[in-house]
Amino acid sequence: MLTADISPQAMQIAIALRSMLDLLLPRYCCGCGRRLALDEKAICQVCLTNIPHFYVEDSFRAASVEDLAIHPAIGYMGAYASYRRKNLTANIVHSLKYYRNPEAGIVMGQMAARARLREGIFDGVDMLVPIPITWRRRMQRGYNQAELIARGISKVTGVPVRTDIMRRRRHTESQTHFEFHERMERQTGIFEFARGGHEAVSGKCVMLIDDVITTTATMRAATSVLLTGKDTIVRWFAWAWTT
Ligand SMILES: [Zn+2]
C-alpha cells in the first residue's frame with residue numbers, strides 16, 4: 001500500500017521537524033521549569049503526578065458560611081487541585097496568568113475534566129461560563145485564563161463554552177486586605193448579563209469556571225447574577241481552590 005509506505009516517512013519527518021522546533025524554541029514545564037520532553041504538553045509528567053488534588057470534603061472546609069448558605073441553590077462546588085502559597089498548583093496558575101502560556105490553560109482544563117469526569121459533575125451541564133475579565137485585563141494578558149480552562153474542559157466533555165452570557169464591569173484588585181463585608185460590597189455589581197444572557201440561561205444548568213477560587217466572593221457575585229435567570233441552576237468548578 002502506498003499510504004503504508006508514506007505514513008512512517010511522513011511521521012519521521014514530522015518528528016524531525018518537531019525535534020528541530022523544540023531545539024530552536026525549547027518548551028518548559030510551567031510547574032517546575034524543567035525542559036519538556038517532545039511528547040509532554042505544558043506540564044511535565046512528574047508535575048502531573050504530583051499536583052495536590054482537591055477533594056469533595058475540601059470544598060466544605062474551604063467554603064465560607066455564606067457559601068454553604070447558597071450551597072443548596074448551587075448543588076456542586078469543587079475544584080481539581082489544591083492551591084496553597086507557592087505550592088506546585090500555585091506555580092502552574094502563576095505561569096498561566098503571567099507568562100503568556102495559553103497552551104497551559106487548555107491542558108489544565110483537559111486534565112481537570114478527565115480527572116473529574118467519572119464523578120458525573122459535568123452530567124446535565126448545558127454550558128460552561130468562564131468568569132469574565134475586563135477588556136483591559138484581556139488586552140494586557142492576551143487571553144482570559146478561565147476561558148482557556150473552560151475550553152480544555154469542553155474538549156473532553158463536549159459541553160459548549162459561552163463567553164456571551166456575562167460581562168465584567170470593572171476589575172477588582174486582590175481582595176485579601178479587605179474585611180469580608182467590605183469585600184462583598186466591592187464585589188456587588190461587578191458582573192452583569194450581556195445582551196440576551198438572561199434568556200440564554202433560563203431553564204439551564206450553568207457551570208461557572210474560574211482558574212482559582214480564593215475568597216469565593218467573585219464566584220458568589222457571578223452566581224447572584226446567574227440565579228436571577230428563570231429556573232437557572234449553577235455549579236462551580238475551578239481548576240484550583242485555596243485550602
Ligand atoms: Zn514539571
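Give region 43-69 a look and list any residue that's β-branched (Val, Ile, Thr) and open to solvent by less than 30 Å² (accessible area, probe 1.4 Å), or say none.
ILE43, ILE51
Residue-level check: of (1) modelled with pLDDT of 95 or more; (2) part of a strand (DSSP E or B), GLU192 misses just (1).
Considered as a group, the residues in region 5-37 that are charged (D, E, K, R) and assigned to a helix (DSSP H, G or I) include one that is farthest from the ligand (Cβ to nearest atom), and that residue is ASP5.
Please indicate, with yes or no, whether at least one residue in region 58-67 is among the aromatic types (Phe, Trp, Tyr) and outside any helix (DSSP H, G or I).
Within region 58-67, not a single residue is among the aromatic types (Phe, Trp, Tyr) and outside any helix (DSSP H, G or I).
Do you know which of the residues in region 120-142 that are touching a residue at least 24 places away in the same chain (Cβ under 8 Å), farther than 13 Å from ARG168 by Cβ and open to solvent by 20 Å² or more (accessible area, probe 1.4 Å) is farthest from the chain's Cα centre (by Cα)? The extreme case among them is GLY124. Scanning region 71-87 for residues that are open to solvent by 50 Å² or more (accessible area, probe 1.4 Å) and modelled with pLDDT of 85 or more yields TYR83, ARG84, ARG85, LYS86.
In this structure, is GLU40 under 15 Å from the mean Cα position of the chain (by Cα), of a type outside the set (Gly, Ala, Ser) and within 16 Å of the ligand (Cβ to nearest atom)?
Here the answer is no, as GLU40 does not meet what is asked.
Taking each residue of region 22-42 that is open to solvent by 70 Å² or more (accessible area, probe 1.4 Å) and modelled with pLDDT of 90 or more and looking for partners that are small (Gly, Ala, Ser) and more than 10 Å from the ligand (Cβ to nearest atom) with beta-carbon atoms closer than 6 Å, six or more apart or interchain, yields nothing.
The values are calculated or read from the model by the stated rules, or taken from the named source; none is laboratory data. A quick note: this is a predicted structure, and the numbers were derived from the prediction, not measured. Because the Cβ atoms are built from the backbone with ideal geometry, glycine has one as well, and the counts that use them run over all protein chains shown. With ligands, DNA and RNA removed, areas are computed over all heavy atoms of the protein, side chains included. Shrake-Rupley method; radii C 1.70, N 1.55, O 1.52, S 1.80 Å.
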